[in-house]
Structure formats: C-alpha cells, structure tokens
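J.: First the structure, then my questions, so here it is.
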Amino acid sequence: MPNIGFFSEHIVLIFFLYGLAFFSMGLAVWLESGRASQLEFARALGPLAGFGVTHGVHEWLEMFQKMAEQSATGHLPALWFEAARVLLLVFSFWLLVSFGACLLRRQRGAVPRICPVAAMLTLLWAVSVAFVYLWLRPSPLEWLAMGDVLSRYVIAMPGGVIACLALVRQQQLLRERGMERFGRDLLWAAIAFFWYGVVGQA
C-alpha cells in the first residue's frame, strides 16, 4: 500500500496532473467534436468537452489553494474565491450530467435543447445546500465546504453513472454498425466514468 504521507507531500503536483488530465481531455474532445460527423455521439460531445475544461480549471484552483495553505503564512482562501470555486465545480458536474442525459435522449431520436435531468439535479443540490444552512447554521466557509461535498453526492455521482450508461448504449450502437474497435474504446471510457463518479466521489 502506498504511504499516505507521500500523497500529502506531493498534493500540489497531484492536483496539477489531475487538472491537466481533465483539461487535456476537454480540449481533445472539443477538437474532435468540431469535425463533421453524422453520428449523434459526435454532436453530443460539446458538454463533455466543457466538463473536461471546467473541471480541470477547478482542480488547478484547488492546487493554488493548497499552495497557499502550505506557504509560510498558511493563507486561507478568501470567501469569494471559495464560492467561485464551488460554483465552478457545480457547473462542471452539470455539464457532465448534460452530456450523459442528452446523449441518451439523442440515442432515442430526441434532439434536446436543454437537459431536464441536469437542471433537476442542480436544483436538488441548491435545495440541499439551503436546507443544510437553515438546519446547522454553519460559518460561510463551512457552508461552502458542505456545498462542495453535496455537489459530489447529488450531481457528480449520478452524472458519472448516467455518462457510463450513455456510453455503454453508444458502444452497442457502434457495434451494430460494424464499428467494434470504437465500441471497445467507449466501453473503457464508460468504466472510467463509473469509477470517477461512484468510487472517486464516494
């Protein structure tokens, strides 16, 4: 088992690489989505690209927070900075849900302009955050930390599962069209999203 101290000592580097992975994925997906394609999958890649870019930026914001905490002054993040970080995190998860849910609708022949599932989960998060504040009356920074945690359970975990289901369904469609190689790639991507959404967030 790896030493927990190793991760604590290199947490800034870990956040940098984590953010870089998501940001690079977002850029790569965005470039691919710009290609002309008749596949509904290609037309649904916009939210996935947005998720990668915004989530990568969020991880870098957390990296800067860790750097400030490890400085000689032990600087804590300003309230506005922490609020912006949490909202960016929620927005990235909203994009993830939008990708999965809208792709599922496209596979059934619908062409959604907005994603009701993403809107519903985001509203549920907002209600949960308001309820926690009224019930516990935490300090502003504690409340934002709770909002961070709730966004992972209320939006990110369902989002990872929905994206996984959408990619599994897309893999089946590609296999029916004789595109088995691309189908296998999507299956690995589906497993990665399930792991990210369920295991990673839990």
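J.: How tilted is helix 116-136 with respect to the longest principal axis of the chain? Cα atoms for both, answer in degrees (0 to 90, nearest 10).
T.: Relative to the chain, helix 116-136 is tipped by roughly 20 degrees.
J.: Which FRET efficiency value, to the nearest 0.05, do you get for LEU17 and LEU76 by plugging their Cβ-Cβ distance into 1/(1 + (r/R0)^6) with R0 = 30 Å?
T.: Calculated value: 0.75.
J.: Separate question: Would you mind checking the tilt of helix 157-176 against the longest principal axis of the Cα atoms of the chain, expressed as 0 to 90 degrees and rounded to 10?
T.: 20 degrees
J.: Starting from the residue with the highest accessible area, list ASP148, ASP185 in decreasing order, probe 1.4 Å.
T.: The ranking, largest first, comes out as ASP185, ASP148.
J.: Related question: Could you go through the range 195-200 in sequence order and give the Karplus-derived ³J(HN,Hα) for each residue, using 6.51 cos²θ - 1.76 cosθ + 1.60 with θ = phi - 60°, rounded to whole Hz, and x for Gly and Pro?
T.: Residue by residue, the range 195-200 yields 5, 5, x, 8, 6, x Hz.
J.: Just in the range 137-202: which trypsin sites (Lys or Arg not before Pro) are loop by DSSP and have at most 11 other Cβ atoms within 10 Å?
T.: Qualifying residues, ordered by number: ARG177.
J.: Still on this model: Quick one: in the chain, what % of C-alpha pairs are over 31 Å apart?
T.: Pairs farther apart than 31 Å: 24 percent.
J.: Have a look at PHE81, PHE182, ALA101 and report the one farthest towards the positive end of the charge dipole of the range 70-202, computed about the Cα centre with Cβ charges (Lys/Arg +1, Asp/Glu -1).
T.: PHE182
J.: Also: Run the accessible area of the chain with a 1.4 Å probe and give the carbon-and-sulfur part as a rounded percent.
T.: 71 percent
J.: Using only the heavy atoms of the protein chains and a 1.4 Å probe, how would HIS55, HIS10 rank by accessible area, largest first? Please report the intermediate quantities before stating the final value.
T.: On the way: HIS55 0, HIS10 65 Å².
Output order, biggest surface exposure first: HIS10, HIS55.
J.: Could you estimate the translational diffusion coefficient of the range 50-109 from the Stokes-Einstein equation, with Rh from the Kirkwood formula over C-alpha pairs, at 37 °C and 0.692 mPa s, in whole µm²/s?
T.: In µm²/s, the coefficient is 251.
J.: Express in nm, to one decimal, how much length is gained between ALA28 and ALA192 on full extension, taking 0.36 nm for each residue of separation and deducting their alpha carbon distance.
T.: Full-extension gain reported as 57.4 nm.
J.: With θ set to phi - 60°, apply the Karplus curve 6.51 cos²θ - 1.76 cosθ + 1.60 along the range 80-86 and write out the HN-Hα couplings as whole Hz, x wherever there is a Gly or Pro.
T.: 5, 5, 5, 5, 5, 5, 5
J.: In whole Å, what three semi-axes, largest first, describe the equivalent ellipsoid of the range 136-202 built from its Cα gyration tensor (square root of 5 times each eigenvalue)?
T.: After scaling each eigenvalue by five and taking roots: 36, 9, 6 Å.
J.: While we're looking at this one, here's another question. Per 0.36 nm of contour for each residue apart, how much would the distance between ASP185 and ALA202 grow if the chain were fully extended, relative to their Cα-Cα spacing?
T.: Answer, rounded to one decimal: 3.6 nm.
J.: Given the convex hull of the Cα atoms of the range 92-199, what is a quarter of its surface area in nm²?
T.: That works out to 7.4 nm², a quarter of the Cα hull's surface.
The values are calculated or read from the model by the stated rules, or taken from the named source; none is laboratory data. This structure is a prediction, so every number in the text was calculated from the model and none was measured. Glycine also receives a Cβ, built like all others from the backbone with ideal geometry; neighbour counts cover every protein chain displayed. With ligands, DNA and RNA removed, areas are computed over all heavy atoms of the protein, side chains included. Shrake-Rupley method; radii C 1.70, N 1.55, O 1.52, S 1.80 Å.
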